[in-house]
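The values are calculated or read from the model by the stated rules, or taken from the named source; none is laboratory data. Here the structure is a predicted model, which means the values were calculated and not measured. Here Cβ is always computed from backbone atoms with ideal geometry, including for glycine, and neighbour counts include all displayed protein chains. The protein model used for the area step is the full one, side chains on, heavy atoms only, and it has no ligands, DNA or RNA in it. Shrake-Rupley method; radii C 1.70, N 1.55, O 1.52, S 1.80 Å.
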Amino acid sequence: MNLDALDGERTWSYALWPLPNGQRMKDLEPFVTGDQFLQSAGTAGAMSIELREIDGDGHARQFAIGRPDTYYGAGHVEAVVWSAGVHALHLFPGEVFGADEAAAIYFSYYSSGTVPAAYRRRELDQNS
């Protein structure tokens, strides 16, 4: 994984997801993730991290990942841009990551299927 390669223009996203049982990567359609994943958008210096999980009732829930000290107050928002500025996410400062910290979170997801417990989750509205 090379999150340092995210430049926000030609390369601006990264995703990791478990393979469905009994399938290999070559069996899957290109650019199709599973129901659960970890994904990022932005640049190596400023990217989002989102986690999508299936809850105990079988419903998909998606979260923005933030540092433990993330302040969720009004007026404290940063824009993470990609695709040469065509797209942007508005996140709280503690939800904006550099490549090194993001790589550690991705490694945890790869190893355990989730992000480290110390990180906060802010649920995203999937209907908007």
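Figures for the structure shown
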read-out: For the chain: relative contact order, % (alpha-carbon pairs under 8 angstrom, 6 or more apart); value: 26 percent
read-out: Estimated [θ] at 222 nm from DSSP helical runs (n ≥ 4, -39500 (n - 2.57)) normalised by residues in the chain, nearest 500; value: -3500 deg cm²/dmol
read-out: Accessible surface, the chain, averaged per residue in Å² (probe 1.4 Å); value: 61 Å²
read-out: Accessible surface of segment 34-127 [probe 1.4 Å, protein heavy atoms]: carbon and sulfur percent; value: 51 percent
read-out: Distance (nanometres) between label positions extended 7 Å along Cα→Cβ at Ala5 and Phe107; value: 1.9 nm
read-out: Candidates Ile54, Ile105, Ile65, ranked by Gaussian network fluctuation over the chain, Cα under 10 Å, top entry; value: Ile54
read-out: Within a Gaussian network of the chain (alpha carbon springs, distance under 10 Å), most fluctuating of Leu38, Leu19, Leu51; value: Leu19
